[in-house]
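The values are calculated or read from the model by the stated rules, or taken from the named source; none is laboratory data. These numbers were taken from a predicted model, which means no experiment stands behind them. FYI the Cβ positions are ideal-geometry reconstructions off the backbone, even for glycines, and counts take in every protein chain you see. Quick note on the areas: whole protein, heavy atoms, side chains included, nothing else; ligands and nucleic acids left out. Shrake-Rupley method; radii C 1.70, N 1.55, O 1.52, S 1.80 Å.
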Amino acid sequence: MAEPRLQPGPFLAALGLLLALWPGPGRGQALSAQVSEGLIVNSTTVTDETGLKARSDGTIYLQKYRLTLDEPIYPLFRLTAGGNLDWTSGRNTTGGLAAESYDKKYTFFGGLRFGSPVLNGGLDADYRGEVTESRTAGVTVTAPGVTRLGLSAYAGWKPADLPSLDLRLSRADTHDSRRAVTDLTSQDATLSVRYQPDPTTQLNFSLRGGESTDNLTGVTNADVSNSVSVTWSDGFAAGRGNTYVSYNLGTRAGTVTVIGAGGTAAVLTRQLP
């Protein structure tokens, strides 16, 4: 094939150099690596009713690599990063006809955490992809691999004896290499409020908005929902019995928008409280 299978030697050498040069473990620091390999060999012989035999020989080589870093970089700041690679390559010969294939799945991720238990936040990013290729009788076929880039952020505020707030934002872009089969964009935002005025009562409020767009068809789905809940619970008879009451209220509105040659059409759907 045009691209040979991954050789572990250079990868292990680079990994060993990284471990050797990395500063000594500090408080809370963690650097981990994992390498695993596997080999599957099979041979099958089939005899038909005429006595003709057909033999098939196959070899599958499995490789997995993991690298993760988790380290405090400053007071109240923490960094996480890493990557995964799963590589499967195979060769099969049947009746003198050879076929080769490989499949690579890879993920890179990184995150930054900051703040204290009262006020905190974080940023995250991840990138995932896959490449699949096969070759039979000199003809190479490459599948349009799908990649996904995800970004997210969150912030939290949890003061004592006051309502706590949590805000989360995310965005993802998923597409194939040519943006011909898959091309999706989605984004989401959620705000949550929680308040417990006393040990028996809890109040919750949630507001969420999301949107996903298929860039190939021009169809966009947007959704906004919110909910309120009140919960009261208590015990009696020295803990031998308990009571529980909960009330929930929610609304939702969704819109489907289609952009076509004739203009833009939108359909609104509402869910009453």
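The set of residues in the range 91-109 being open to solvent by less than 50 Å² (accessible area, probe 1.4 Å) and either on the phi > 0 side of the Ramachandran plot or of a type in the set (A, V, I, L, M) (or both) consists of Ala98, Ala99.
Taken over the range 42-76, the criterion of being at pLDDT 90 or above and open to solvent by 80 Å² or more (accessible area, probe 1.4 Å) is satisfied by Lys64 alone. Only a single item in (1) among the β-branched types (Val, Ile, Thr); (2) within 28 Å of Pro144 (Cα to Cα); (3) assigned to a strand (DSSP E or B) is not met by Thr190, and it is number (2).
Table: residues versus (1) at positive phi; (2) surrounded by 13 or more Cβ atoms within 10 Å (Cβ to Cβ).
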residue	(1), (2)
Leu203	no, yes
Arg208	no, yes
Ser212	no, yes
Val219	no, yes
Asp223	no, yes
Trp232	no, yes
Ala237	yes, no
Arg240	no, no
Thr243	no, no
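Out of Thr140, Thr88, one residue alone is touching a residue at least 12 places away in the same chain (Cβ under 8 Å), of a type in the set (Val, Ile, Thr), surrounded by fewer than 16 Cβ atoms within 10 Å (Cβ to Cβ) and out of contact with any helix residue (DSSP H, G or I) (no Cβ under 9 Å at 6 or more places or on another chain). It is Thr140. If only residues of the range 198-223 that are polar (S, T, N, Q) and within 30 Å of Tyr244 (Cα to Cα) are counted, the one that is modelled with the lowest pLDDT is Thr200. Criterion applied to Leu184, Leu162, Leu151, Leu112 was being more than 23 Å from Ile73 (Cα to Cα), at pLDDT 90 or above and assigned to a strand (DSSP E or B), and the one residue passing it is Leu184.
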